[in-house]
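The values are calculated or read from the model by the stated rules, or taken from the named source; none is laboratory data. Only a predicted model underlies this, so the values are computations on that prediction, with no experimental measurement involved. Cβ: placed from backbone, ideal geometry, glycine included. Neighbour counts: every protein chain shown. The accessibility values were calculated without ligands, DNA or RNA, using every heavy atom of the protein model including side chains. Shrake-Rupley method; radii C 1.70, N 1.55, O 1.52, S 1.80 Å.
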Amino acid sequence: MATPSKLPSFQGRIGRTIAESEPWFEQHPQAPAGAPNVVFVLLDDTGFAQIGCYGSDIDTPHIDALAANGLQFTNFHVTPLCSPTRASLLTGRSQHAVGMRSVSNFLTGFPNQLGHITNHAATIAEVLSAEGYATFCAGKWHLAPTQSISAAGPFDQWPLGRGFDRFYGFLDGETDQFFPELVADNHLIDPPARPEDGYHLSEDLVDQMLRMINNSKGVRPDRPFFAYVPFGATHAPHQAPPEYLAKYRGRYDEGWDVVRQRWYDRQIQLGVIPPHTVLAPLNPGVRPWDALSENEQKLACRLQEAFAAFLDHTDDQIGRLVAGLEHLDNTIFIVMADNGASQEGGPTGVMHEFSFFNQVAEPIEHVVERLDDIGGPNSHTNYPWGWAQCGNSPFRWYKQNTHEGGVHVPMVVHWPEGIPAEQRGTQRNQFVNVADVTPTVYELLGVTPPGTYRGLEQLPLTGNSFASMLADPDVPATNTLQYFENGGSRALVALLEGVWWKAVVRHTPGDDFDTEPWEFFDLSADPSECNDLADEQPERLAALADLWWSEAERHGVLPLDDRGFELFAAPLLENSPHTPERCYVYRPPMSRIPTQAAASAGGRSFDLVARVTRRAGDDGVIWATGSAGSGVSVFVQNDRLVVDYNAFGDHTIAESSSDLPEGDCVLSMHLRRTDRTSGTVALRIDGVTAAAAELPLVMRIISSMGTSIGHDYGSTVSKLYDGSFPFTGTLHEVEIKLPKRSAADIAATARAEMGRQ
């Protein structure tokens with residue numbers, strides 16, 4: 001055993017007395033004097049045209065100002081989906097190589113989909129922390145297996161496990177902006193305020209990030225920081241404070257045909273697209289505006305207003321962040337989006353996104369009666385395809401697709417001390433990919449990522465630094481060959497003999513990968529992919545398709561996997577949240593349980609049994625899942641046992657016909673699915689049936705908001721009580737038993753889950 005005088009880390013000398021000894025003080029990593037701070041701001045589901053300086057009429061003066069005093073990249077590309085882009089951004093490597101071909105909700109058993117970033121690819125936070133940087137993250141993570149994001153962990157793939165000193169935000173793919181499911185560092189917390197107090201998540205994220213930075217700089221002004229701010233905006237639900245919603249009232253009454261043309265014209269004027277670019281025709285399923293009914297137009301306008309208000313409000317928060325850092329001129333500040341505008345609102349848009357995922361049509365005459373709810377705490381909206389394509393102008397298709405509409409997005413780089421004065425306010429038109437960002441930052445900082453990290457050999461960086469572009473607008477692109485893939489849809493962009501070519505296939509699950517047709521475009525002449533040259537140049541197309549397969553092998557893309565829906569069904573494994581017995585026992589007090597870590601009440605029969613001890617007058621929630629938009633709550637009120645099954649605002653309520661006994665009792669709810677869409681629910685007290693009701697709709701997927709034990713977290717499922725309505729008796733435990741699910745049940749629920757990603 002090593003003695004204190006022989007500890008290998010000690011480099012001083014220990015004698016018999018202090019006079020005979022020489023002290024030594026351990027030195028922590030220290031960044032070089034004058035090392036820049038680094039800030040990544042990531043927007044979610046924001047299309048190429050939606051920021052003001054990229055063509056829209058949405059007010060984004062703060063991002064516009066960063067572009068006017070920095071560099072505006074017009075040919076920046078990402079992956080078609082959120083988690084893969086984040087993995088690529090934070091590692092400087094291709095998303096498949098680091099284990100994130102799709103959203104972190106999926107575990108497939110193959111290296112290209114681990115549900116997290118492989119530990120063989122250190123994040124920029126891990127690398128810069130080892131170089132003496134403070135590292136902070138505030139926002140959306142979505143880089144940990146979603147079964148592992150409850151208070152039970154494991155925490156190794158949470159932000160603090162991947163190099164960040166502090167974290168504040170949410171771990172799943174989306175959250176309610178007024179009632180978010182928040183995490184601080186490694187523990188779940190409640191929001192600091194409610195919407196009636198003026199709370200909104202985007203404001204909270206910036207408050208927390210500025211506090212982290214000021215806490216660090218106030219004590220250690222010598223230490224630079226890396227700050228990662230991945231907003232929940234502008235992912236659905238589109239929610240904004242009322243004054244922002246009012247600002248856009250009526251602005252889009254002309255419809256998407258007129259607005260898209262206007263934005264396209266402005267893009268030409270601003271120079272963010274070449275003057276020869278053609279405005280792509282409407283995507284299949286997008287009707288001309290005049291073909292919509294009056295009520296459809298009213299709904300579509302209000303949904304676009306909510307999106308615009310959401311983005312405007314987010315821009316103001318970016319402005320607050322910039323203002324809080326204005327004394328730090330030596331800060332590399334990068335704003336970008338993770339993928340194109342979302343197609344998950346469907347052809348008409350939705351008042352409640354989860355009704356769309358359940359394939360439940362919202363009667364338009366009922367929806368228009370609730371237009372004033374859109375964008376507020378009582379909505380979970382997403383806009384229709386027409387507005388999404390408008391946001392992706394001038395391109396085709398959307399998020400999830402490997403066409404330009406899914407992968408061509410804005411990026412702005414601002415760095416007063418690093419960008420020459422004469423270059424500020426100029427554009428960069430070279431092809432750049434998201435994997436290129438972190439290698440660029442490494443070069444600018446003079447940092448070499450380690451070949452081994454925490455004893456693990458590291459994958460090589462695959463991104464290409466574009467640092468040379470900061471001072472010179474005419475340097476050639478450093479990335480001239482880039483693959484894309486998502487769910488079997490593929491693309492390859494390549495520079496050949498001075499021409500940028502793109503081969504792309506929009507895959508339909510189940511189609512044969514070898515025989516489905518590719519499209520072929522000359523992006524130099526046809527940036528919006530409107531002129532398919534596949535029939536004119538079959539040999540060149542075949543060569544690029546073959547090259548795609550070669551790149552796929554090099555980057556770990558294989559095996560191609562077009563599964564999506566079915567992967568949301570949690571695997572039943574021992575030593576996991578979901579065991580083969582499908583029995584869940586919860587004992588309060590407990591933190592809320594995120595959706596994919598909790599017993600799933602969607603689309604199936606199940607039994608819930610609660611053991612309580614109570615006196616007369618002891619009321620409150622026993623178990624609740626979901627939110628005010630959709631959910632299920634079992635509670636005691638006025639000494640009666642009640643269940644409220646809230647199917648997108650249609651409340652089915654069953655209440656016991658007699659008062660509950662005092663003392664110990666067993667309260668249970670039994671839901672039975674009787675056919676594809678409907679079912680029954682029954683309440684029992686000490687095994688005796690006390691109430692029953694027919695359920696016109698059994699929701700396949702209930703909500704993105706999770707489960708609460710002994711109270712109702714967030715926006716309340718039932719209108720029969722206010723606030724969290726905690727149970728005032730003694731709740732000993734809640735046991736939920738699920739039957740084995742049929743293949744049809746799994747497919748139905750999974751289709752709904754995939755839509756919300």
**Prompt:** What do you reckon, is residue 74 farther than 25 Å from residue 210 by Cβ, of a type outside the set (Asp, Glu) and surrounded by 11 or more Cβ atoms within 10 Å (Cβ to Cβ)?
**Reply:** yes
**Request:** Please go through the stretch 243-269 and pick out each residue that is assigned to a helix (DSSP H, G or I) and charged (D, E, K, R).
**Result:** 243, 247, 257, 260, 262, 265, 266
**Prompt:** Among the listed residues 219, 206, which satisfies the condition of being open to solvent by 10 Å² or more (accessible area, probe 1.4 Å) and among the β-branched types (Val, Ile, Thr)?
**Reply:** 219
**Item:** Residues satisfying the stated conditions in the stretch 629-643, i.e. assigned to a strand (DSSP E or B), open to solvent by 10 Å² or more (accessible area, probe 1.4 Å) and either touching a strand residue (DSSP E or B) at 6+ places or on another chain (Cβ under 7 Å) or more than 20 Å from residue 588 (Cα to Cα) (or both)
**Value:** 640
**Message:** Could you go through the stretch 150-169 and let me know if any residue there is touching a strand residue (DSSP E or B) at 6+ places or on another chain (Cβ under 9 Å), aliphatic (A, V, I, L, M) and surrounded by 24 or more Cβ atoms within 10 Å (Cβ to Cβ).
**Reply:** no
**Message:** Based on this model, can you work out whether residue 626 counts as open to solvent by less than 30 Å² (accessible area, probe 1.4 Å), at positive phi and either within 35 Å of the chain's Cα centre (by Cα) or not basic (Lys, Arg) (or both)?
**Reply:** yes
**Request:** Collect the residues in the stretch 565-587 that are more than 13 Å from residue 148 (Cβ to Cβ) and in contact with a Ser or Thr (Cβ under 9 Å, 6 or more places away or on another chain), keeping them in residue-number order.
**Result:** 565, 567, 568, 569, 572, 586
**Failed item in (1) touching a residue at least 60 places away in the same chain (Cβ under 8 Å); (2) surrounded by fewer than 21 Cβ atoms within 10 Å (Cβ to Cβ); (3) not in a strand (DSSP E or B), with residue 604 passing the rest** = (2)
**Complete:** Scanning the stretch 1-59 for residues that are of a type in the set (S, T, N, Q), modelled with pLDDT under 95 and exposed (fewer than 10 other Cβ atoms within 10 Å of the Cβ) gives 3, 9, 27
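Taking helices (runs of 4 or more DSSP H) that fall entirely within the stretch 280-398, which contain at least 3 residues that are closer than 28 Å to residue 42 by Cβ and modelled with pLDDT under 95?
Working: elements: 294-324, 353-357, 364-367, 385-391.
Filter on the stretch 280-398 gives 353-357.
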**Message:** Given the condition under 22 Å from residue 252 (Cα atoms) and aliphatic (A, V, I, L, M), answer yes or no: does some residue in the stretch 359-366 qualify?
**Reply:** yes
**Asked** Only one residue in 517, 589, 577, 559 is outside any strand (DSSP E or B), modelled with pLDDT of 95 or more and closer than 27 Å to residue 174 by Cβ. Which one?
**Response** 589
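If you check 571, 589, which single one turns out to be in contact (Cβ under 8 Å) with a residue 12 or more places away in the chain, under 30 Å from residue 483 (Cβ atoms) and open to solvent by 30 Å² or more (accessible area, probe 1.4 Å)? Give the derivation first.
Working: 589 fails: under 30 Å from residue 483 (Cβ atoms).
It is 571.
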**Request:** Among what's in the stretch 169-226 and is without any contact (Cβ under 8 Å) to a residue 24 or more places away in the chain and assigned to a loop (DSSP other than H, G, I, E, B), pick the residue that is nearest to residue 319 (Cα to Cα).
**Result:** 199
**Request:** Consider residue 121 carefully, then state whether it is within 19 Å of the chain's Cα centre (by Cα), over 16 Å from residue 272 (Cα atoms) and aliphatic (A, V, I, L, M).
**Result:** no
**Message:** Considering only residues that are part of a loop (DSSP other than H, G, I, E, B) and on the phi < 0 side of the Ramachandran plot, which ones fall in the stretch 156-168?
**Reply:** 156, 157, 158, 164, 165
**Message:** Quick test of your reading of the structure: residue 393 fulfils all but one of (1) crowded, with 24+ Cβ neighbours inside 10 Å; (2) under 22 Å from residue 54 (Cβ atoms); (3) under 19 Å from the mean Cα position of the chain (by Cα). Name the failing condition by number.
**Reply:** (3)
**Asked** Out of 94, 102, 129, 83, which single residue is open to solvent by 10 Å² or more (accessible area, probe 1.4 Å) and of a type outside the set (D, E, K, R)?
**Response** 129
**Complete:** Just one listed residue, out of 546, 535, is surrounded by fewer than 16 Cβ atoms within 10 Å (Cβ to Cβ) and either outside any helix (DSSP H, G or I) or of a type in the set (Val, Ile, Thr) (or both), and it is 535
**Item:** Matching option when the condition is closer than 17 Å to residue 209 by Cα, open to solvent by less than 10 Å² (accessible area, probe 1.4 Å) and not β-branched (Val, Ile, Thr), among 315, 338
**Value:** 315
**Asked** Which members of the stretch 575-616 meet the condition of being in contact with a strand residue (DSSP E or B) (Cβ under 7 Å, 6 or more places away or on another chain) and of a type in the set (S, T, N, Q)?
**Response** 591, 605, 613
